[in-house]
Every structure is written in structure tokens, then in C-alpha cells.
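Read through the structure below, which is laid out as C-alpha cells, and then see the notes.
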Amino acid sequence: MESVKPILELKQIIKRYHLDAGDVLALDRINLQILLGEMFAITGPSGSGKTTLMNILGCLDVADEGEYILDGEDVSELEGDALSNIRNRKIGFVFQSFNLLPRLSALENVEMPLLYAGVRHARNVATEALETVGLAERLHHEPAQLSGGQRQRVAIARAIVTNPAIILADEPTGNLDSRVGRDILNLFHDLNAQGRTIVVVTHDSGVAKHCAREARIRDGRVVDILEHSSVHTSGTAEIDPPLAATG
């Protein structure tokens with residue numbers, strides 16, 4: 001993997017939050033490389049800094065110090081519209097709570113980013129994205145008419161519909177039972193096999209074992225980088241301990 005170039009690279013990243021009680025150091029000199037086309041996990045307990053790290057990787061927030069190279073471009077000093085443009089072109093997001101608009105159909109939810117971007121034939125492109133995630137027969141169902149796994153598939157379709165190079169997934173199996181969680185992780189494997197870089201942020205070591213590499217975060221620092229030799233491109237890595245069933 002050494003010959004593969006990094007698509008995401010953090011150098012000495014520091015992030016502080018200014019609170020009434022004083023400054024909190026959320027990220028402390030983070031150095032990290034995520035390679036083009038790999039499936040990578042970021043893990044750590046609550047309060048470790050992994051969500052802050054994801055927000056910086058996703059250009060939802062900016063570091064106070066350090067350098068961030070995204071797909072060959074230094075985005076450390078960007079802000080406002082410039083940062084938003086990078087985010088919209090380069091990154092797709094998948095969240096634990098799905099973040100679907102309840103009164104729109106699956107097709108309309110997936111179509112929305114394309115309409116904002118002024119993409120022609122948006123409906124056809126959105127339909128293809130839903131077909132990719134196995135929801136060709138659920139195009140016109142609203143979120144309340146879909147199972148949790150189906151809603152997460154809609155969210156994944158929305159994330160890939162603009163053809164971003166990177167998918168950031170924040171606890172993507174957290175609201176799913178273990179069987180459906182495995183299905184979603186296997187779908188990520190399929191997308192990864194198509195060449196997309198997948199970054200999964202999770203507290204679950206079983207989910208992390210589905211990724212080729214894992215960065216463990218504690219107290220705002222990367223304390224370990226692990227390689228998981230049991231990962232297969234077919235998405236058949238065993239999950240141990242089981243995925244938590246939270247709904």
C-alpha cells in the first residue's frame with residue numbers, strides 16, 4: 001500500500017474549543033494519511049476527538065493549526081464558499097440518523113444534491129444511485145415507509161449520487177441491528193471495490209474490522225494504527241464482538 005498516494009493527509013492538526021470554563025484541546029498534533037481507494041476506520045471512545053476529526057476531514061470545520069491536504073489540494077486556509085465547494089465536489093456523507101427529509105420520497109431525497117448543483121437529468125442519475133444500493137423498487141416510498149436498513153441505503157445513495165471520491169460515514173450501523181448492519185457494511189465494501197475511498201467513524205471494534213486499516217484516537221491523539229488482515233473485498237470479514245442493536 002506504500003506506493004498508493006494519500007487522498008487525505010493531516011499534518012500536525014490542532015483543534016481547540018473555547019468554552020466559558022477555559023480552552024479544551026480536542027485534537028492534539030494529529031498526523032494521519034488515508035490512502036486513495038482504501039476503506040479506513042477511525043475509532044475511539046466518546047470524547048476522544050473522533051467526531052471533531054471527522055468534521056475536519058469532511059470540511060465541516062477547520063483546524064486551528066496544521067495542514068490538511070485533500071486530494072492533492074491544501075484546504076487548510078479555505079473558508080466559506082470555497083470550503084463548501086470542496087466539500088460538495090469531493091465528499092459524500094452518511095450519518096447514523098440517516099438525515100433524510102421525511103416528506104420527500106427516496107428518489108426526491110437522493111435527487112436533492114443534484115438539483116442544488118444544477119445537474120441535468122437529475123432524476124435519472126438519482127434513480128441509478130438508488131438502483132446501485134438495491135432500492136429500485138422503493139423509489140417513491142417516504143422514509144417512514146422504509147426500514148432502518150432501507151433508509152440507510154437511501155442515505156448512501158444520496159452520498160454517492162454526485163460521484164464524490166470520498167465517503168465519510170459517521171456510525172453508519174449505529175441505529176441498525178447486527179444483520180442489517182452487516183448488509184450495510186457489505187454495501188460499503190462494494191462501493192470501495194469500485195474505487196471509492198471510504199472512511200468509517202465508529203466506536204465499534206467489530207465495524208472497524210471491516211476496514212483495511214484503523215486509527216485509534218484517544219484524548220485527541222492518534223495512539224495506534226492497526227491493519228486488519230481478515231478483511232476481504234467481498235465484505236465477508238467476521239464481526240466480533242457483534243454489532244450493537246440499538247433500534
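Yes/no per residue for (1) over 26 Å from Arg151 (Cα atoms); (2) of a type in the set (Asp, Glu); (3) surrounded by 15 or more Cβ atoms within 10 Å (Cβ to Cβ):
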{"site": "Leu25", "(1), (2), (3)": "yes, no, yes"}
{"site": "Ser46", "(1), (2), (3)": "no, no, no"}
{"site": "Glu65", "(1), (2), (3)": "yes, yes, no"}
{"site": "Glu77", "(1), (2), (3)": "yes, yes, no"}
{"site": "Arg87", "(1), (2), (3)": "no, no, yes"}
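Taking the options Arg153, Arg138, Arg179, name whichever one is crowded, with 18+ Cβ neighbours inside 10 Å and over 16 Å from the mean Cα position of the chain (by Cα).
Among Arg153, Arg138, Arg179, only Arg138 is crowded, with 18+ Cβ neighbours inside 10 Å and over 16 Å from the mean Cα position of the chain (by Cα).
For region 1-76, give me every one of the strands (runs of 3 or more DSSP E) that falls completely inside it and has 1 or more residues that are within 14 Å of the chain's Cα centre (by Cα) and of a type in the set (Gly, Ala, Ser).
39-43
Asn99 fails exactly one of the following numbered conditions: (1) modelled with pLDDT under 95; (2) of a type outside the set (D, E, K, R); (3) farther than 23 Å from Thr173 by Cα. What is the number of that condition?
All conditions pass for Asn99, except number (3).
Does Phe98 satisfy being under 23 Å from Asp177 (Cα atoms), out of contact with any helix residue (DSSP H, G or I) (no Cβ under 9 Å at 6 or more places or on another chain), hydrophobic (A, V, I, L, M, F, W, C) and surrounded by 20 or more Cβ atoms within 10 Å (Cβ to Cβ)?
In short, no.
The values are calculated or read from the model by the stated rules, or taken from the named source; none is laboratory data. Source: prediction; values computed, not measured. Using ideal geometry, Cβ is built from the backbone for each residue, glycine included, and neighbour counts are taken over all protein chains shown.
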